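What follows is a set of notes on a single structure, which appears directly below.
Rule-based calculations on the coordinates, nothing more; no lab input. Only a predicted model underlies this, so the values are computations on that prediction, with no experimental measurement involved. In this analysis, Cβ positions are derived from the backbone assuming ideal geometry, glycine residues included, and neighbour counts consider all displayed protein chains.
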Amino acid sequence: MKCPACSHPDSRVVDSRTTKEGNAIRRRRECESCAHRFTTYERPEVTWPLIVKKDGTRTNYDREKIRFGIQKALEKRPVSAEDQEAIVDRIERYILDLGEKEVSTEAVGEKVMEELRNTDQVAYVRFASVYRSFGTVKDFEEELQKLEHEKD
């Protein structure tokens, strides 16, 4: 595995364990040249469904898009990188469990919001405001009222 710090081609595995969901192997590695430590994840290769956008176009599934959206929503929130990876893993499991050849962005977006709602309500509102295109303060107020009613 190439070192992300110095690009040396060799590294050694320091620690290896399965993720909480058991669908990937997390490996801590150390570069044999500069001793930089980094983490890699090993996952089985699967055939992903196409993602159907709102305008009807289709695109390949991209884990990084989901990870990026979750990271932005959870920015400066007390949720570890490992927990964020677990959220992405659960979303992927959901997509695969649907067993469809095509999955809508709406289905993926709703699952992301569900995961964020269960993890961090501030992150949920951040994501929902972009995903649902909140245009006014009233939109935020309505979403916050829904969250309050869920607590009761």
per DSSP, antiparallel bridges as share of beta bridges in the chain, % nearest 5, sits at 85 percent
For the range 50-152 the GluC sites (Glu not before Pro) that pass both the DSSP coil test and the at-most-12 other-Cβ-within-10 Å test are Glu75
In terms of the charge dipole of the range 1-44, which places +1 on Lys and Arg and -1 on Asp and Glu at the beta carbon, the residue among Ser7, Ala35, Asn23 farthest towards the positive end is Asn23
The aspartates and glutamates whose Cα lies under 19 Å from the Cα of Lys53, excluding any fewer than 8 residues away in the same chain, are Asp62, Glu64, Glu92, Glu100, Glu102, Glu106, Glu110
From the Cα centre of the range 86-133 to that of the range 2-38, the distance in Å is 28 Å
Largest fluctuation, Thr136, Thr119, Thr18 only, Gaussian network model of the chain with Cα springs under 10 angstrom, belongs to Thr136
In the range 1-91, the trypsin sites (Lys or Arg not before Pro) that sit in a DSSP loop and have at most 16 other Cβ atoms within 10 Å of their own Cβ are Lys2, Lys20, Lys53, Lys54, Lys76
Here the gain from full extension of Asn60 to Val137, 0.36 nm per residue of separation minus their alpha-carbon distance, amounts to 24.2 nm
Taking only the Cα positions of the chain, the convex hull volume per residue in Å³ is 155 Å³
In deg cm²/dmol, rounded to the nearest 500, the helical mean residue ellipticity at 222 nm of the chain, built from -39500 (n - 2.57) for every DSSP H run of length 4 or more, is -15000 deg cm²/dmol
Once Glu150 and Leu96 are pulled to full extension, the length gained, defined as 0.36 nm per residue separation minus their Cα-Cα distance, is 16.6 nm
Taking only the alpha-carbon positions of the range 1-44 as identical scatterers, the Debye log10 I(q)/I(0) at q = 0.15, 0.27, 0.28 Å⁻¹ comes out as -0.36, -0.85, -0.89
Comparing Val112, Val137, Val103 in a Gaussian network model of the chain (Cα, 10 Å), the one with the largest mean-square fluctuation is Val137
Residue by residue through the range 112-118, the couplings from Karplus 6.51 cos²θ - 1.76 cosθ + 1.60 with θ = phi - 60°, in Hz, x for Gly and Pro, are 4, 5, 4, 4, 5, 4, 7
Sorted by chain and number, the residues with a modelled amide H under 5 Å from that of Ala24, at a separation of 5 or more or across chains, are Thr19
